[in-house]
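To start, the structure under review is shown below, and the notes come after it.
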Amino acid sequence: MLNENQIDDLIQPLIERQYEIEDTVIMAAARRIKKIKDLSPTDVYKLQRLYFTGSDAQKINKRIAKLTRKSEAEIRRIIETIAKDAYKDAKAFYDYREIPYIPYTKNDELQTIVEGIRRVTLADYTNISNSTAFAFRDPVNPLIIRPTPTAQAYQAVVDRAVQAVSMGVESYNTLIPNAIRDLTNKGITVAEYTTDQGRPHRIRLDTVVRRNILDGIRDVQSKVDDYIGEQIGADGVEISVHEYSAPDHEPIQGHLFTNEEFEKLQLGEDFEDVNGQKFAGIARPIGLWNCRHRKFSVVLAHTTPNYTPEQLEEIKNRNADGIKVKGRDGKTVTKSMYWCTQKMRQYELELRRAKEENAAAKLAGEDKLESESGARIRELQDKYKTFCAKCGLKPRFDKTRVYM
């Protein structure tokens, strides 16, 4: 069975390709800003739209289309890999029930199920790709941030540069750094909503794509497991185990449940495992809502849990050890390793944003912004390395790569 880290490694190339799509627009705009900057106010309007944006837009769209096709091929490969992995572990139950185990490559029925999931996942990805937009501040009311389609976002930055050059050095030095920051700090956004606290929240393209492919992975794992369960006459399930679990699912990972009790778990009702240990209902079902756990259909009479109670306790203790941090009230509190992994991802995103800004500033010839963002990169790198060392986690600088 692929573990959580192996699945992360499996989907990372797809996430990096989304970064590359985003950086295609950002870096193209930065290069164009540099060329506009070198023009005089008199010349800039002569070449404004017809010369600048026509060929640029074609190149950008061609590049994005190529990267999107690669992403679609990557999604097909990921779904196929996950399906084969989910199926191979069930052979022991087929042997126990004395049922023929048909290899995946010859199992037409199972492949049809997987192909249906693959089509849905690809369709969702296409919808995401077609709805992407950059987020820009409204020029009249800077408190309002509006999603702007990718081509228009590029045009907006070019127009700002043209306007800035025509208005003189002082305006340029203000307008252009702000335009670059808008491109890199907000990035490509596909959805915006209001949180329960009333704050606006935008979801970045890479985050939505990651959720999309993880939903596809969970769906194929679940459907393959349902197929196996029906084939072998499963009467129970085992919950998978991973390090640094979220607190709501940690107490139940690694446990065996009858089908009836697992159904209660999924419905948020009180439930108990096969050993009679009782649990209060939980709001988040297994395998849904960003859950990284999965269920395995099993024949209870032929199943020994993969983890002993002692091993599960050790995993729980490692998560609880975490690190000590000062809260807003100045008091020291212990944060779990689960919290550490979430904080680590935040550092990686911030670092990548700073690198994007630095690369765009360099291409645009914005020396001051390049210097400021360079200092920010060094500061974040030091904080990130220190934080990872304190938590005992390995830094993932590969996740902060920028595509020039």
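Throughout, read-outs are computed from the coordinates displayed, never taken from laboratory work. In this text the structure is predicted, and so the values were computed from the model without any measurement. Heads up, the Cβs are rebuilt from the backbone with ideal geometry, glycines too, and the neighbour counts pull from every protein chain shown.
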Evaluate the charge dipole of region 259-404 about its Cα centre and quote only its size in Debye, nearest 20, assuming +1 on the Cβ of each Lys and Arg and -1 on the Cβ of each Asp and Glu.
700 debye
Given the pairs LYS295/LYS316; LYS355/LYS399; LYS368/LYS394, which span a C-alpha to C-alpha distance of over 21 angstrom in this model?
LYS368/LYS394
Per residue convex hull volume, Cα only, region 322-398, in Å³ is 89 Å³
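Computed over the Cα atoms of region 234-318, what is the convex hull's projected area averaged over all directions, in nm²?
5.1 nm²
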Cross-link partners among aspartates and glutamates for LYS331, C-alpha distance below 19 Å, same-chain residues fewer than 8 apart left out?
ASP321
Quick one: which of 316-326, 212-222, 86-96 comes out on top by average Cβ neighbours within 10 Å, and what's the full order, highest first?
212-222, 86-96, 316-326
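Placing unit charges on C-beta atoms (Lys and Arg positive, Asp and Glu negative, everything else neutral), compute the dipole magnitude of region 234-318 about its Cα centre in debye, rounded to 20.
Numbers: 8 positive and 15 negative charges, 66 e Å.
That gives region 234-318 a dipole magnitude of about 320 debye.
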